[in-house]
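The values are calculated or read from the model by the stated rules, or taken from the named source; none is laboratory data. Note that the structure is predicted; figures quoted are calculated from it, not measured. Positions of Cβ are backbone-derived with ideal geometry, glycine not excepted, and every protein chain shown enters the neighbour counts. Accessible surface areas use protein heavy atoms only, side chains included; no ligands, DNA or RNA. Shrake-Rupley method; radii C 1.70, N 1.55, O 1.52, S 1.80 Å.
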Amino acid sequence: MEWDRPNLALVPRDQLPREMDDQTRRERLLAAMVEVVAERGYANSSVPRVAERAGMSTRSFYRVFENRPDCFLAAYDEIVEHLVSLIARAYGAAGDPETGLSRALAAFLGYFGERPEIARVCFLELPAVQPAGEVRRRRTIERVAEMVAHHLSRSSGGPGPPQRLMAEFAVGGVYNIVYERVWAGEIESLPRLAGEIEQALLAGGMRAAA
Amino acid sequence: MAELVAQRGYGGVTINELARRARISTKTFYGLFPSKAECFFALYDEVVERVLATLVQAWGGGGDQRGRFERAVDAFLSFCEAEPAIARACLIEAPTVAPDGAARRSETVQRVARLAAHALPAAYLWEARQRSARPPIAPLVVVGGIIAVVEQRLRAAEFEKLPALGPELTAAVFLVAQDL
């Protein structure tokens, strides 16, 4: 699934081969789910609507996914995997930890800036599916916090707050600012905030560690 | 509502029980509040005012910036330790309560961030001063970070760990070497 395509416009149905394979069906449904939910909200994104956007029948939807939450959460899970590998690659490609942090943050914000519909899905719509949505949100945050804690352990640590706490603090802070921007409908401004966010993180305990 | 939330969390509150405790009929309840959520949010608003007043007061005493900040954080932590179920309900449950729990959360966080902007060392606001049109980002990052750490302890019911967070969160916010 190409979650890094610049737009999620689905290939028109009539340009696809007559019989789609399972992989294609699944991908089209996931992409359609994200598009429809970003436009209409989860509550207004019925299975028939999503199937129609994907150029498929409702019956075909149910051959791939059990129900609406199943499809939505599968899309979320794939988005998270893509994001995690994106920021890991950006971090790993840098020469030193501090540059790595900078690049990872830029990649993260840049992705949402280019794909505002995905930001809406991840931050605003995920809570519509409970309790699975909250479980996933917490799990994703913990996963990113692990990555940040790992970054802090790599850098030569000076005295400062425990690394795990610092990682939770940093992730919580970035989550908060991203959420506020998405909430305010100002997603496209996110990439421009990278410098200021970095400054805020490094003004405190992140610098003592980095 | 406060009593029931303290015992069972917001999710465990029923209007019947609520009315019974208040010694009113459910009809009277509905005359006062259109829903359980509205009653809860009235409580939420009161708690927020109370806690913010405590923070401002704690910060207002004498001393250097770092000490004052730590006092404010301690005041917040003391509230969470003294009333953990209410703190959980307001921080963790409230954002998920329809119709506008998320909006309230957002408003409250913005408010706290505006207060916090005055309490942060100059280093945080350096970039913001370069482009003064927008409100600074740093206070939102700081407030978000503090709340995230506290929420995690509340979620895990690790209330005894709360007091120790005061110095640690202050250190996270202030460069160890740069007391102002």
Inset, instruction - Output yes when any residue across the range A:96-119 is over 25 Å from residue A:188 (Cβ atoms) and of a type in the set (Asp, Glu), and no when none is. - result: yes
Inset, instruction - Scan the range A:64-83 for residues that are loosely packed, with under 15 Cβ neighbours inside 10 Å and either in contact with a Ser or Thr (Cβ under 9 Å, 6 or more places away or on another chain) or closer than 27 Å to residue A:110 by Cβ (or both) and jot them down. - result: A:77, A:81
Legend entry - Condition broken by residue A:40, with the remaining ones in (1) of a type outside the set (Ser, Thr, Tyr); (2) at pLDDT below 85; (3) closer than 30 Å to residue B:98 by Cβ; (4) open to solvent by 50 Å² or more (accessible area, probe 1.4 Å) satisfied: (2)
Inset, instruction - Inspect all residues belonging to the range B:110-118 and state whether any of them is within 14 Å of the chain's Cα centre (by Cα) and open to solvent by less than 30 Å² (accessible area, probe 1.4 Å). - result: yes
Legend entry - Where a residue in the range B:14-28 is closer than 11 Å to residue B:1 by Cα and its partner, wherever it lies, is open to solvent by 70 Å² or more (accessible area, probe 1.4 Å), with Cβ under 7 Å and at least six apart: B:21/B:3
Inset, instruction - For the range A:152-172, indicate whether the set of residues that are free of Cβ contacts under 8 Å to residues at least 40 places away in the same chain, over 27 Å from residue B:107 (Cα atoms) and either facing another protein chain (nearest Cβ under 8 Å) or of a type in the set (Lys, Arg) (or both) is non-empty. - result: yes
Inset, instruction - Please indicate, with yes or no, whether at least one residue in the range B:53-74 is open to solvent by less than 40 Å² (accessible area, probe 1.4 Å), in contact (Cβ under 8 Å) with a residue 60 or more places away in the chain and either among the small types (Gly, Ala, Ser) or facing another protein chain (nearest Cβ under 9 Å) (or both). - result: no
Legend entry - Residue within the range A:176-186 that is among the β-branched types (Val, Ile, Thr) and more than 12 Å from chain B (Cβ to nearest Cβ) present: no
Inset, instruction - Hey, can you tell me all the residues within the range B:134-176 that are in a helix (DSSP H, G or I), without any contact (Cβ under 8 Å) to a residue 60 or more places away in the chain and under 17 Å from residue A:179 (Cβ atoms)? - result: B:138, B:139, B:140, B:141, B:142, B:143, B:144, B:145, B:147, B:148, B:149, B:152
